[in-house]
1. Once both labels are modelled 7 Å past Cα along the beta-carbon direction, what's the residue 276-residue 244 spacing in nm?
2. So what's the gap between the Cα centers of segment 29-44 and segment 71-149, to the nearest angstrom?
3. P(r) for segment 256-319: what percent of alpha-carbon pairs falls in each 5 Å bin, starting at zero?
4. Using every alpha carbon pair in segment 38-144, what percent of pairs falls into each 5 Å bin from 0 up to the bin containing the largest distance?
5. Once the Cβ-Cβ distance between residue 135 and residue 38 is put in as r, and R0 is 25 Å, what FRET efficiency do you end up with, to the nearest 0.05?
6. Using the per-residue mean of other Cβ atoms lying within 10 Å as a proxy for protection, in what order, highest first, do the peptides 48-57, 206-215 fall?
7. Give me 202, 278 ranked fewest to most by other Cβ atoms within 10 Å of their Cβ, as a rough exposure proxy.
8. In nm, give the distance between the simple-model label positions of residue 174 and residue 228, each being 7 Å from the Cα along the Cα-to-Cβ direction.
C-alpha cells in the first residue's frame, strides 16, 4: 500500500526528545488513545484535551508516527491556532490548502470543504489537527465523518473541551499529570543529557523540585534545562520560588501565560481571583460570595484552567497558580510605579512652590522619602 504523507509543521529537531519522552513518561497516554482509536471501523474523531504543556501534542505525534504506515494518506497539521492567528486573511483557506498537500485551487472555505470531501471520502486517512482553538477550524477541516473513508482516524488536540463537545467528537481523552517516577525521569533526562551536566549529587533536590512542579511535562523540561550546570545554591533558590508559588524560569511563565491569552478581561479576572483566594473552596460557596456565574466557572474548567473535584471544590494546577500570582505581582508593581509617579509630581510641586526649595533639591527629597517608605514596606513583607 502506498502511503501519501503530508506534514505541515515547524522543523522538529528534537526527535530524540520525543522518543525518550514517550519511553519515559507518556506511554500510558499513548496506549489509552490507541485503544480509543480501535473502537470503531467507521471514521472516528478523538479529542486529546488538557492544560498547556501537559503532553497533548507529544501523544498525538507519537501515535501519528506509530500507526501512520497503516493508512492510505496521513497528514499532520501542527500549531493550528498559531497559523490561524498569524495569517490574518484567509487563515482557514490556508489551513485547508495545507491539509490538501498545498493545493492552490481553493479560493473560498466552502469550496475547500468540497475539495476535502472529494479527496478523502474514499480513502482511509489519518489526520492530526494539533492545537485547535476555534470551532470554525474543525468545521472547515473535518466538518463531517462523511468526508472520510471507512477506518479513518481524526485526532484533535486542544485546551478547550467545549470545542470537542460542540463538534461532536466520539471520544475525549483527558491527559493527566505525570506521576513522581515519570516526572523524575523526564526532569533528569533533560538535565543529564546535556554535555555541561556532570553532577550526580542532586538527588534530593531533584525530588523536591519535581514534587513542586505538579507533574507538568513543560515545567519539568524547562526547569531541567534552566538548572543545567547551575550550582546547588541556585537549585535551592529555584525550589524556594516554587514553594512560594512563583515561577523562576521566564520561558515557562511565558508559555503558561498563553493559556489565558484568549480570555476576556472579565474571565481573566475571575481566573486570577480563583488562583489567589478560592482554590480548595466549594464551588457553591464561591458562587454565593461572588458575582461569578456557573457558566463562567464551567468555561474556565473547559479551558483546562481549573478543575472541580468530587467534593465540588475548585482546584487549580500548582503551576497555573504560580503563573497567576506572578501576573498579579507584576500588575501590582506597574500600578505602584504609576501611583509613585503621580505622588512624586505633587510632592515635588509642593516642595518647590510651598516650601520654596530648588527643583533639584525637591527631587532629591522626594526620592529619599520613597526609598524610606520602600524599605519599611519590604521589611514588613519579610
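Coordinate-derived values only; no laboratory data. Source: prediction; values computed, not measured. Glycine also receives a Cβ, built like all others from the backbone with ideal geometry; neighbour counts cover every protein chain displayed.
1. Going by the 7 Å Cα→Cβ label model, 1.7 nm.
2. 21
3. It works out to 3, 18, 34, 29, 12, 4, in whole percents.
4. It works out to 2, 11, 22, 24, 21, 13, 5, 1, in whole percents.
5. 0.35
6. 48-57, 206-215
7. 202, 278
8. Spacing of the two 7 Å Cα→Cβ label points: 3.4 nm.
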